[in-house]
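K.L.:
Could you have a look at this structure, given as structure tokens, before my questions?
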Amino acid sequence: MGAVVIKLGSSVVATDDGTVRTDVLTQICDDVAELQRESLAPIVVTSGAIARGLGVLGIPPARRPRAVEELQAASAVGQGKLYRVYDELLGARGVRSAQVLLTFFDLSARSHYLNARQTLRKLLEWRVVPVINENDTTTTDEISFGDNDFLAAQVAILVGATRLVLATNTDGLFTADPRSDPDARLVEEVTDFQALSQLAISQVTSVLGSGGMRSKVVAAEMATAAGIPTVIVNGQRRGAVLGAARGERGGTSFPAQSDRYSSFKLWLKYAKPARGRVQVDAGAARALREGGTSLLPVGVVAVQGSFEAGDAIEIFHAEQAVGKGISNYSAPELRRVCGRRSAEVRELLPQAGEEAVHRDYFVLA
């Protein structure tokens with residue numbers, strides 16, 4: 001039974017004043033029930049808890065708070081009320097649901113990541129639709145997804161979804177902002193993410209949202225690197241979400257990339273936070289990029305930050321990112337052996353391995 005992750009942006013879930021778009025969610029819950037009848041396993045990743053909370057509190061969009069504690073408090077007010085809408089709408093259609101709240105920490109720690117996967121898989125096995133949101137009430141700036149597009153991509157990777165649907169308030173990705181440029185054209189398919197640098201992709205979001213089209217493109221890049229086709233559609237348009245989940249044409253589609261990463265390397269690249277940075281010489285950078293080798297201490301020229309063995313570190317050459325990997329050394333240990341050959345490393349740190357970062361725990365930038 002293939003899982004389909006459906007991410008609903010704040011603009012789909014609520015109006016600018018925080019009122020739930022019941023008509024839109026009713027249609028989407030119809031779609032979710034239909035997908036389950038078709039033996040698919042829908043997962044809903046929803047935004048809108050903060051928007052709903054602000055609406056309940058009567059705080060107008062123009063006065064949307066910015067302080068973390070205010071946004072967390074608004075989320076606490078809105079979270080349960082928003083889920084109740086989903087639970088009632090899905091229940092009326094004979095579909096059981098479960099509220100799942102995640103933070104960045106839940107996916108950045110490998111043990112938590114695997115536990116979240118097991119929980120979601122069990123819910124799908126029981127034919128329960130997970131309704132997932134970021135746990136805004138307890139998250140902080142340091143452990144936040146920033147918006148739920150990234151969360152949706154991570155969930156899709158986590159469960160090995162067959163498709164990721166990003167529902168927003170536009171018909172997809174355009175060559176320019178259609179709200180200000182009458183010549184903007186819909187981009188129906190994206191196969192080259194590098195080519196998108198030529199487009200004026202907006203970071204502008206709805207009044208109560210925190211995302212934007214750029215974050216959706218990055219989420220699509222994350223998911224397609226795991227072999228998960230992704231599509232951006234207008235969630236307010238009747239039938240768009242159901243059609244996209246079925247694989248029908250519409251919106252902007254992102255086919256699965258031919259070069260795929262393992263689940264572990266995707267977790268390392270996108271979910272594991274880096275605790276430090278190392279600079280490497282040209283030879284080491286070339287070997288990592290072209291040879292698929294491990295990083296040896298001899299190739300390290302500088303160590304920045306404070307990290308322990310087992311932490312992720314970013315690897316740079318001449319201020320250009322080379323990749324990211326799990327360090328076999330703490331920062332003080334790596335400073336002690338950087339630039340030294342393997343024989344010297346074994347003398348100085350006899351208990352440590354020879355690689356600063358093993359190739360199996362490294363992913364290119």
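The values are calculated or read from the model by the stated rules, or taken from the named source; none is laboratory data. Computed from a predicted structure; not experimentally measured. So basically every Cβ, Gly included, is an ideal-geometry build from the backbone, and we count neighbours across all protein chains shown.
K.L.:
Keeping to segment 8-42, report how many residues are on the phi > 0 side of the Ramachandran plot and surrounded by fewer than 21 Cβ atoms within 10 Å (Cβ to Cβ).
P.N.:
The first filter runs over segment 8-42 and keeps only residues on the phi > 0 side of the Ramachandran plot, leaving 18, 39.
Cutting the leftovers down to surrounded by fewer than 21 Cβ atoms within 10 Å (Cβ to Cβ) gives us 39.
Residues meeting the conditions: 1.
K.L.:
Something else about it: Scan segment 15-26 and give yes if some residue there is in a helix (DSSP H, G or I) and among the aliphatic types (A, V, I, L, M), otherwise no. Don't jump to the end; show me each part of the working.
P.N.:
Taking segment 15-26 first, the residues in a helix (DSSP H, G or I) are 22-26.
So of that shortlist, the ones also among the aliphatic types (A, V, I, L, M) come out as 24-25.
Yes, the conditions are met somewhere in segment 15-26.
K.L.:
For segment 324-334, what are the residues that are buried (at least 16 other Cβ atoms within 10 Å of the Cβ) and either free of Cβ contacts under 8 Å to residues at least 40 places away in the same chain or in a strand (DSSP E or B) (or both)? Walk me through how you get there before you give the answer.
P.N.:
Step one: filter segment 324-334 for residues buried (at least 16 other Cβ atoms within 10 Å of the Cβ), giving 324-331, 333-334.
Selection gives K324, G325, I326, N328, Y329, S330, E333.
Per-residue answers, yes or no, for (1) at pLDDT 90 or above; (2) over 29 Å from V32 (Cβ atoms); (3) among the hydroxyl-bearing types (S, T, Y):
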position: T119; (1), (2), (3): yes, no, yes
position: E125; (1), (2), (3): yes, no, no
position: E142; (1), (2), (3): no, yes, no
position: L158; (1), (2), (3): no, no, no
position: P178; (1), (2), (3): no, no, no
position: D183; (1), (2), (3): no, yes, no
position: A195; (1), (2), (3): no, yes, no
position: A200; (1), (2), (3): no, yes, no
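K.L.:
Please enumerate the residues belonging to segment 36-65 that are of a type in the set (K, R) and either assigned to a strand (DSSP E or B) or touching a helix residue (DSSP H, G or I) at 6+ places or on another chain (Cβ under 8 Å) (or both).
P.N.:
Here is the first cut: in segment 36-65, the residues of a type in the set (K, R) are 37, 52, 63-64.
Across segment 36-65, the qualifying residues are R52, R64.
K.L.:
List, please: which pairs have Cβ atoms under 9 Å, are six or more places apart or on different chains, and start with a residue in segment 220-231 that is more than 17 Å from G243 (Cβ to Cβ) and end with one that is in a helix (DSSP H, G or I) and of a type in the set (S, T, Y)?
P.N.:
As it stands, the answer is M222/Y270; A225/Y270; A226/S263, since those pairs meet every condition given.
K.L.:
OK, next. Here are the criteria: (1) modelled with pLDDT under 95; (2) in contact with a Leu (Cβ under 9 Å, 6 or more places away or on another chain); (3) not assigned by TED's automatic domain parsing to the domain that holds A33. Tell me which single one V280 does not satisfy.
P.N.:
Evaluating V280 over (1) modelled with pLDDT under 95; (2) in contact with a Leu (Cβ under 9 Å, 6 or more places away or on another chain); (3) not assigned by TED's automatic domain parsing to the domain that holds A33 leaves (1) as the failure.
K.L.:
Quick check on this structure: which one of D106, D31 is of a type outside the set (A, V, I, L, M), under 19 Å from A244 (Cα atoms) and in the same structural domain as R246 (by TED's automatic domain parsing)? Talk me through it step by step, then tell me what you get.
P.N.:
On the way: D106 fails: under 19 Å from A244 (Cα atoms).
The conditions single out D31.
K.L.:
Working only within segment 298-323, note down all residues that are outside any strand (DSSP E or B) and surrounded by fewer than 20 Cβ atoms within 10 Å (Cβ to Cβ).
P.N.:
At the first step, the residues of segment 298-323 found to be outside any strand (DSSP E or B) are 298-299, 306-311, 318-319.
Matches in segment 298-323: S306, E308, A309, G310, D311, A318, E319.
K.L.:
Looking at (1) in a loop (DSSP other than H, G, I, E, B); (2) of a type in the set (G, A, S); (3) surrounded by 18 or more Cβ atoms within 10 Å (Cβ to Cβ), which one does S75 not meet, given that it meets all the others?
P.N.:
That leaves (1) as the condition not met.
K.L.:
Continuing with this model, one more query. Among the listed residues G58, G94, G80, G48, identify the single one that is buried (at least 20 other Cβ atoms within 10 Å of the Cβ), of a type outside the set (S, T, Y) and assigned by TED's automatic domain parsing to the domain that holds V165. If you could, list the steps in order and put the result at the bottom.
P.N.:
Numbers: G58 fails: buried (at least 20 other Cβ atoms within 10 Å of the Cβ); G94 fails: buried (at least 20 other Cβ atoms within 10 Å of the Cβ); G80 fails: buried (at least 20 other Cβ atoms within 10 Å of the Cβ).
It is G48.
K.L.:
Quick one: in segment 61-77, which of the residues that are of a type in the set (A, V, I, L, M) and either within 21 Å of the chain's Cα centre (by Cα) or not assigned by TED's automatic domain parsing to the domain that holds V100 (or both) is farthest from G94 (Cα to Cα)?
P.N.:
V68
Yes/no matrix, rows are residues, columns are (1) closer than 24 Å to R110 by Cα; (2) basic (K, R); (3) outside the structural domain of L164 (by TED's automatic domain parsing):
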{"site": "R260", "(1), (2), (3)": "yes, yes, no"}
{"site": "E308", "(1), (2), (3)": "yes, no, yes"}
{"site": "A312", "(1), (2), (3)": "yes, no, yes"}
{"site": "A318", "(1), (2), (3)": "no, no, yes"}
{"site": "G323", "(1), (2), (3)": "yes, no, yes"}
{"site": "R340", "(1), (2), (3)": "no, yes, yes"}
{"site": "E347", "(1), (2), (3)": "no, no, yes"}
{"site": "G353", "(1), (2), (3)": "yes, no, yes"}
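K.L.:
Among the numbered criteria (1) among the β-branched types (V, I, T); (2) in a strand (DSSP E or B); (3) out of contact with any strand residue (DSSP E or B) (no Cβ under 8 Å at 6 or more places or on another chain), which single criterion is violated by V345?
P.N.:
(2)
K.L.:
Filter segment 294-329 down to the residues that are among the hydroxyl-bearing types (S, T, Y) and touching an Asp or Glu at 6+ places or on another chain (Cβ under 7 Å), then identify the one that is farthest from G283 (Cα to Cα). Quick ask: steps written out before the conclusion?
P.N.:
First pass over segment 294-329, keeping only residues among the hydroxyl-bearing types (S, T, Y): 294, 306, 327, 329.
Of the ones still in play, those that are also touching an Asp or Glu at 6+ places or on another chain (Cβ under 7 Å) are 294, 327.
Working: S294: 12, S327: 19 Å.
Only one residue tops the list, namely S327.
K.L.:
If you don't mind, there's one more thing I want to ask. I'd like the full set of residues that are over 21 Å from M222 (Cβ atoms), touching an Asp or Glu at 6+ places or on another chain (Cβ under 9 Å), touching a residue at least 12 places away in the same chain (Cβ under 8 Å) and surrounded by fewer than 16 Cβ atoms within 10 Å (Cβ to Cβ), limited to segment 340-365.
P.N.:
If the condition is that a residue be over 21 Å from M222 (Cβ atoms), touching an Asp or Glu at 6+ places or on another chain (Cβ under 9 Å), touching a residue at least 12 places away in the same chain (Cβ under 8 Å) and surrounded by fewer than 16 Cβ atoms within 10 Å (Cβ to Cβ), then S342, L348 are the ones that fit.
K.L.:
For segment 254-295, enumerate the residues that are assigned to a loop (DSSP other than H, G, I, E, B), buried (at least 20 other Cβ atoms within 10 Å of the Cβ) and out of contact with any strand residue (DSSP E or B) (no Cβ under 9 Å at 6 or more places or on another chain).
P.N.:
Restricting attention to segment 254-295, the residues satisfying the condition of being assigned to a loop (DSSP other than H, G, I, E, B) are 255-262, 271-273, 281, 292-294.
Filter again for buried (at least 20 other Cβ atoms within 10 Å of the Cβ), leaving 271-272, 294.
Result: A271, single match.
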